[in-house]
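Comments concern the structure below.
The values are calculated or read from the model by the stated rules, or taken from the named source; none is laboratory data. Not measured: the values here are computed from a predicted model. Here Cβ is always computed from backbone atoms with ideal geometry, including for glycine, and neighbour counts include all displayed protein chains.
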Amino acid sequence: MKRLLLPLAILAVCLTSSFAQRPGDFRILGPGGGGAMFHPLVSPHDTNTVLIACDMTGSYITHDGGQTWSDTLTINPTYNPTSRIHFWDSNTGVAMSFAEPNYAFRTTTGGLALTDWSRAEVDPNGGWFGAQFSALPNGHMRISGITFCESLDYAATFNCRPSIDAGSDFATFFLDDERGWVGGGWISVPMMGYIHRTLDGGKTWSDRVLEGPWMIREILFVNKHDGWAAGGAGNVGGVYVSHDGGENWAVELNTQVGLTSCATAEYHLYCAGFDDNGTSHFYARDYDKIRDGKFDP
């Protein structure tokens with residue numbers, strides 16, 4: 001249980017401190033960075049090692065399950081904050097930057113020092129990428145935004161093509177090298193969201209398999225049939241569910257809160273976000289019995 005609670009508590013703790021009165025008995029375990037904290041990364045080799053990004057300062061790392069934290073870890077010297085970070089092993093990892101969203105920062109030596117990271121432009125013809133990218137264990141990475149880009153060598157090089165949708169692609173998830181989904185939309189009034197899917201590794205894409213009132217920020221599938229898509233902004237948002245590989249979608253939870261991040265761990269799905277007042281909200285469901293489960297706010 002400790003392994004589950006640590007990254008998810010950190011995920012939302014810097015949005016507000018309102019979790020103290022919510023189910024789950026979450027408590028503050030990490031430092032404040034002067035801004036919001038996003039996208040905790042738990043090492044698959046050591047669950048006591050967690051890396052988390054802050055949008056105002058940099059990244060922090062703990063090696064003792066959150067009891068102590070390092071000083072700010074600098075990845076981007078131009079403007080330190082990073083968005084999502086992924087490590088394939090204890091040495092090889094990639095980070096995307098809030099300030100330079102068309103650049104990937106890559107390390108092959110563990111990433112604990114600034115000199116461990118190299119900076120490379122993902123797409124000279126691009127502009128920005130959404131927060132959620134897909135990274136498979138075999139080193140294949142996909143990311144979408146102004147363009148859709150793919151790396152087959154642990155983020156060392158990328159090949160890019162035009163965006164999947166004419167809107168704003170934001171979320172990218174691949175279950176394997178064949179099945180993948182891209183979602184996005186816009187938050188201007190009226191808000192709108194969509195999802196496309198591919199069954200051939202991105203060579204071809206479907207038309208929109210989902211069109212709804214919430215911009216899609218996160219897509220997660222736990223097998224080739226069952227998955228969720230979450231999003232929204234401010235006081236509008238929720239979660240869609242699919243049980244046929246993303247061909248059809250239904251609203252599973254209307255949160256009336258914009259959801260920004262989701263994670264899975266040990267047959268549970270967790271989603272967090274914040275409303276127009278800056279109050280954070282947390283939702284969880286057991287997916288051991290996927291079709292019968294429901295979210296607990």
Could you tell me whether residue 214 is modelled with pLDDT of 95 or more and in a loop (DSSP other than H, G, I, E, B)? yes
Residues located in region 170-191, provided they are modelled with pLDDT of 95 or more and either of a type in the set (Ser, Thr, Tyr) or surrounded by 16 or more Cβ atoms within 10 Å (Cβ to Cβ) (or both): 171, 172, 173, 174, 175, 179, 180, 181, 182, 183, 184, 185
For region 146-177 the number of residues that are touching a Gly at 6+ places or on another chain (Cβ under 6 Å) and in a strand (DSSP E or B) is 6
Matching residues in region 117-145 - criterion: being under 27 Å from residue 260 (Cβ atoms), free of Cβ contacts under 8 Å to residues at least 40 places away in the same chain and outside any strand (DSSP E or B): 122, 123, 126, 127, 128, 140
Out of curiosity, is residue 129 crowded, with 21+ Cβ neighbours inside 10 Å, of a type outside the set (Val, Ile, Thr), more than 18 Å from residue 265 (Cβ to Cβ) and at pLDDT 75 or above? yes
Here's a check for you: in region 192-211, which residue that is closer than 20 Å to residue 128 by Cβ and of a type in the set (A, V, I, L, M) is modelled with the lowest pLDDT? 192
Scan region 61-116 for residues that are part of a loop (DSSP other than H, G, I, E, B), at pLDDT 85 or above and among the hydrophobic types (A, V, I, L, M, F, W, C) and jot them down. 88
